[in-house]
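Undergrad: So that we are looking at the same thing, I have put the structure below in structure tokens.
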Amino acid sequence: MAQDRLVCRECHRVVDPDANTCPSCGSSSLSEDWAGLVIITHPEKSEVAEGMEVTEPGSYALKVR
């Protein structure tokens, strides 16, 4: 994952750099300023996913500004 990706400020999902909205939550509040990448493959079994309130597999940022 390159740092040129955008991240949704609402759900922290990493999205394509040309995206206008988040495919997960539909928010248009996207940021280039983020840090920490976590890839969640089985959110139903993940304590990290539970803590982040993630219910879909995917790439997520730990910190979004």
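Undergrad: Out of Val14, Val54, report the one residue that is outside any strand (DSSP E or B), among the aliphatic types (A, V, I, L, M) and modelled with pLDDT of 95 or more.
TA: Val54
Undergrad: With the condition kept exactly as written, say whether any residue in segment 13-34 is open to solvent by less than 30 Å² (accessible area, probe 1.4 Å) and in contact with a Pro (Cβ under 7 Å, 6 or more places away or on another chain).
TA: yes
Undergrad: Oh, and also: Just wondering, is there one or more residues in segment 10-20 that are free of Cβ contacts under 8 Å to residues at least 24 places away in the same chain, more than 11 Å from the chain's Cα centre (by Cα) and closer than 13 Å to Arg65 by Cβ?
TA: no
Undergrad: Restricting attention to segment 37-57, does a residue exist that is touching a residue at least 40 places away in the same chain (Cβ under 8 Å), closer than 15 Å to Arg5 by Cβ, among the hydrophobic types (A, V, I, L, M, F, W, C) and open to solvent by less than 30 Å² (accessible area, probe 1.4 Å)?
TA: no
The values are calculated or read from the model by the stated rules, or taken from the named source; none is laboratory data. Predicted, not measured: the structure shown is a model, and the values here were computed from it. Glycine also receives a Cβ, built like all others from the backbone with ideal geometry; neighbour counts cover every protein chain displayed. Accessible surface is based on the protein model in full, side chains and every heavy atom, while ligands, DNA and RNA are left aside. Shrake-Rupley method; radii C 1.70, N 1.55, O 1.52, S 1.80 Å.
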